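Each remark here refers to the structure printed beneath this line.
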Amino acid sequence: MRTLVFIPAWNEEAAVADVIEGIRGRMPDVDVLVVDDGSTDATATRARAAGALVASLPFNQGLGAALQTGYLYALRGGYEYCAHLDADGQHPPAEVVRLLEEVYADRADLVIGSRYSDPGRAESDDYRPTLSRRIGIGVFRFFLTLATRQRFTDTTSGMRAANRGVMELFSKHYSPDFAEIESLQLAVRQGLRVEEIPVRMLDRLGGTSFLTPLRSAFFIFKGLIVLLVGMFRPRVPASVGAHGVSADDAIEAGPPKEEGMEQ
Amino acid sequence: MSNLLLGAQEPTVQLTSQTRIIAAVLAVVFMLMILELIRQDRLQERYSIVWFVAGLSMLVGAAFPGLLSVIADALGVRDTNVALFSMVLLFLLALALNFSVIMSRQAAQITRLAQERAIEAARKQAAQESNGKRGSSTVAGDTAQRDES
């Protein structure tokens, strides 16, 4: 089973090497790709030194574009499964293994790692968000449930595992602005099986969260618009690119990856 | 004073000849500017059409003020100038929206281009590692992306 684990990273030089080593330790057989989203620090160099493949975007494109790069690489490379986790060290590789096992067993097409073990609570023993964050989480949870008619607790989790169906969808359609939420909505609308399993998350190793109260408010507002628009998107946009760009041609042209690259 | 209150009986406000002359001159200057921009390759033809239409409309409006009065009547506006302003405003609004659409498309194209380039480099690195230093992936790749000549 060829599996790609990718890590979107933007100026995460402090943590990225540890994350890669963590993955290598837990999953020696997977390929590790760091999607360097236009970092201005040594993220790419450290990732390469730690033994990961590096796909460097020439300028910062946002998390959505970085994640899509990972999905596109996995699809082109002929990987059967892929997973991604944050570069800041919040996501323990051991938990990624658990997510992957769900897709290996074909119990779901897309598996989300949720930091909330109890669906009813906005916090867990390991993780206590700030008030503005709790409000945002509550709002998103409510509207995403409304939009998908499926219960999600951790709508913005960046720890996921997926199979090829998801790769195909996300490499064509992935909002550059609102990666996590819209992609969930999109996957559910496309009839993919999306599952959430509780995972343990850690404090970040380095860097700082990009969320300030003002940004949070903007984030929530943007998210609501995205969800609203998403409800009226065409359901099976197989031939039409979401933003006028279709990946179809390029995907077909991409040669399958050579054998012997797993180790 | 009673004139102001009984607005309905007020005569329609027309464009003055002075306004018309200024508008005509501006329209001509404007279109010459567009031509010059195209000549210098600073404006693509496909984006110039809409501006030519705007310049021509301006010229037509200046030459035949009767047209404007008809439109103003149809809109229920007594002042031709107000009708003119409203139309120009709507036109600019539509144009701004059009630009946002074009911008979004180009942003998506730029993103895809950046992704293609990044993926290409990573594939190259992967190929080099599997060819050159099989099994010792930790050493390889330090310069893999830089020396793609």
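Some notes on this structure:
- Verdict on residue B:140 being surrounded by 14 or more Cβ atoms within 10 Å (Cβ to Cβ), outside any strand (DSSP E or B) and modelled with pLDDT under 90: yes
Each row is one residue, and each column tells you yes or no for (1) at the interface with another protein chain (Cβ under 8 Å from one of its Cβ atoms); (2) at pLDDT 95 or above; (3) surrounded by 22 or more Cβ atoms within 10 Å (Cβ to Cβ).
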residue	(1), (2), (3)
A:3	no, yes, no
A:13	no, no, no
A:28	no, no, no
A:34	no, yes, yes
A:65	yes, no, yes
A:71	no, yes, yes
A:83	no, yes, yes
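- Subset of segment B:78-129 [hydroxyl-bearing (Ser, Thr, Tyr), at the interface with chain A (Cβ under 7 Å from one of its Cβ atoms) and surrounded by 14 or more Cβ atoms within 10 Å (Cβ to Cβ)]: B:111
- Filtered residues of segment B:70-93 (kept if over 24 Å from residue B:50 (Cα atoms) and either in contact with a Gly (Cβ under 7 Å, 6 or more places away or on another chain) or in a helix (DSSP H, G or I) (or both)): B:73, B:74
- Where residue A:23 falls short, out of the listed (1) in contact (Cβ under 8 Å) with a residue 24 or more places away in the chain; (2) within 14 Å of chain B (Cβ to nearest Cβ); (3) out of contact with any Pro (no Cβ under 8 Å at 6 or more places or on another chain): (3)
- Only residues that are within 9 Å of chain B (Cβ to nearest Cβ), farther than 17 Å from residue A:93 by Cβ and surrounded by fewer than 24 Cβ atoms within 10 Å (Cβ to Cβ) were counted in segment A:36-55, giving 4.
- Verdict on residue B:149 being over 24 Å from residue A:61 (Cα atoms), more than 10 Å from chain A (Cβ to nearest Cβ), modelled with pLDDT under 95 and assigned to a loop (DSSP other than H, G, I, E, B): yes
- All of A:141, A:121, A:164 fail the test of being modelled with pLDDT of 85 or more and among the charged types (D, E, K, R), apart from A:164.
The values are calculated or read from the model by the stated rules, or taken from the named source; none is laboratory data. A quick note: this is a predicted structure, and the numbers were derived from the prediction, not measured. FYI the Cβ positions are ideal-geometry reconstructions off the backbone, even for glycines, and counts take in every protein chain you see.
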